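Scroll down for the structure; my scribbles are underneath it.
The values are calculated or read from the model by the stated rules, or taken from the named source; none is laboratory data. Keep in mind that what you see is a predicted model, and the values were worked out from it rather than measured. Backbone-built Cβ (ideal geometry, glycine too); neighbour counts: all protein chains shown.
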Amino acid sequence: DQQVKQNSPSLSVQEGRISILNCDYTNSMFDYFLWYKKYPAEGPTFLISISSIKDKNEDGRFTVFLNKSAKHLSLHIVPSQPGDSAVYFCAAYNNDMRFGAGTRLTVKP
Amino acid sequence: NAGVTQTPKFRILKIGQSMTLQCAQDMNHNYMYWYRQDPGMGLKLIYYSVGAGITDKGEVPNGYNVSRSTTEDFPLRLELAAPSQTSVYFCASSVDRGDQPQHFGDGTRLSIL
């Protein structure tokens, strides 16, 4: 059962524009959410997280929004840069971590 | 600054063979994890450990075994390799579970033919 879903396998944006990556979850008991970034032939690296008691967390160009009623979170990258091109995984935690399948972001110069 | 080191990076096994995937971390983290990632899927937890001598099953433990004799090392053992175990395996560590980010190794790509 996929408790964390990233329905867009890929996303392409122009450099300087906003990238919005989406993630939906089914388990209302998840209380912590994380985004990881993965380059080819490397392991995922932690990007940003948010607790279920918040609805927004910001770190530089990266902002994560959480909508608990919709069981939806999103990652905004502004402005997008070519170096942001990678696969982005969302993850949700309640006793153990569940990962989405990832969205491949391509930022075109 | 090594972080989490996995060896080997690539391996091809025949059906029925055995092997051990190695994982070591130098951050003195108590928690360590093994995941597998199949094409088009998210990472699935195989086993985890909360400290030396303590291990527990994750979501997909069948066909695997682990041990944790030291804080640094967390090897994953495949006893009788099956084609369904063809995957990319990631080891990770964290200070604690839950809201602490996990640090990942670069993965082991395993093919079983």
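Just one of the listed residues (B:Gly58, B:Gly63) is among the small types (Gly, Ala, Ser), farther than 15 Å from B:Met19 by Cβ and out of contact with any His (no Cβ under 7 Å at 6 or more places or on another chain), namely B:Gly58. Scanning the range A:65-97 for residues that are among the charged types (D, E, K, R) and under 13 Å from the mean Cα position of the chain (by Cα) returns a single hit, A:Asp84.
For the range B:53-62, the set of residues classified as in a strand (DSSP E or B) and under 13 Å from B:Leu76 (Cβ atoms) consists of B:Thr55, B:Lys57, listed by residue number. None of A:Asp24, A:Asp1, A:Asp31 is surrounded by fewer than 20 Cβ atoms within 10 Å (Cβ to Cβ) and at pLDDT 95 or above except A:Asp24.
Table: residues versus (1) modelled with pLDDT of 95 or more; (2) closer than 23 Å to A:Lys38 by Cα.
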site: B:Asn28; (1), (2): no, no
site: B:Asp38; (1), (2): no, yes
site: B:Leu45; (1), (2): no, yes
site: B:Thr55; (1), (2): yes, no
site: B:Glu59; (1), (2): no, yes
site: B:Asn62; (1), (2): yes, no
site: B:Ser93; (1), (2): yes, yes
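For the structure I just gave you, tell me whether B:Val50 is hydrophobic (A, V, I, L, M, F, W, C), part of a loop (DSSP other than H, G, I, E, B), surrounded by 14 or more Cβ atoms within 10 Å (Cβ to Cβ) and within 14 Å of chain A (Cβ to nearest Cβ). Taking the combined requirement at face value, the residue does not satisfy it. Contact map, the range A:77-97: residues that are facing chain B (nearest Cβ under 8 Å) and under 17 Å from A:Thr45 (Cα atoms) paired with residues that are assigned to a strand (DSSP E or B) and among the small types (Gly, Ala, Ser), Cβ distance under 6 Å, separation 6+ or inter-chain. Pairs shown: A:Met97/A:Ala91.
A quick yes/no check of all residues on (1) under 26 Å from A:Gln2 (Cβ atoms); (2) loosely packed, with under 15 Cβ neighbours inside 10 Å; (3) among the acidic types (Asp, Glu):
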site	(1), (2), (3)
B:Ser18	no, yes, no
B:Met41	yes, yes, no
B:Gly58	yes, no, no
B:Phe74	no, no, no
B:Gln85	yes, no, no
B:Ser94	yes, no, no
B:Gly105	yes, no, no
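Against the test of being among the aliphatic types (A, V, I, L, M) and within 24 Å of B:Tyr89 (Cβ to Cβ), the options A:Leu66, A:Leu75, A:Leu21, A:Leu47 yield a single qualifying residue, A:Leu47.
With respect to (1) more than 9 Å from every other protein chain (Cβ to nearest Cβ); (2) in contact (Cβ under 8 Å) with a residue 24 or more places away in the chain; (3) not in a loop (DSSP other than H, G, I, E, B), the lone exception for A:Asn27 is condition (3).
Of the residues making up the range B:9-38, those that are farther than 13 Å from B:Leu110 by Cβ and not aromatic (Phe, Trp, Tyr) are B:Gly16, B:Cys23, B:Ala24, B:Gln25, B:Asp26, B:Met27, B:Asn28, B:His29, B:Asn30, B:Met32. If you check B:Phe90 against the conditions, is it among the aromatic types (Phe, Trp, Tyr) and buried (at least 17 other Cβ atoms within 10 Å of the Cβ)? Criteria met by B:Phe90. Residues of the range B:1-47 that are within 14 Å of chain A (Cβ to nearest Cβ), farther than 23 Å from A:Pro40 by Cα and not hydrophobic (A, V, I, L, M, F, W, C): B:His29, B:Tyr31, B:Tyr47.
Scanning the range B:11-59 for residues that are farther than 15 Å from A:Arg98 by Cβ and among the small types (Gly, Ala, Ser) gives B:Gly16, B:Ser18, B:Ala24, B:Gly40, B:Ser49, B:Gly51, B:Ala52, B:Gly53. Within the range A:36-73, the set of residues being of a type in the set (A, V, I, L, M, F, W, C), part of a strand (DSSP E or B) and within 14 Å of chain B (Cβ to nearest Cβ) comprises A:Phe46, A:Leu47, A:Ile48, A:Ile50, A:Phe62, A:Val64, A:Leu66.
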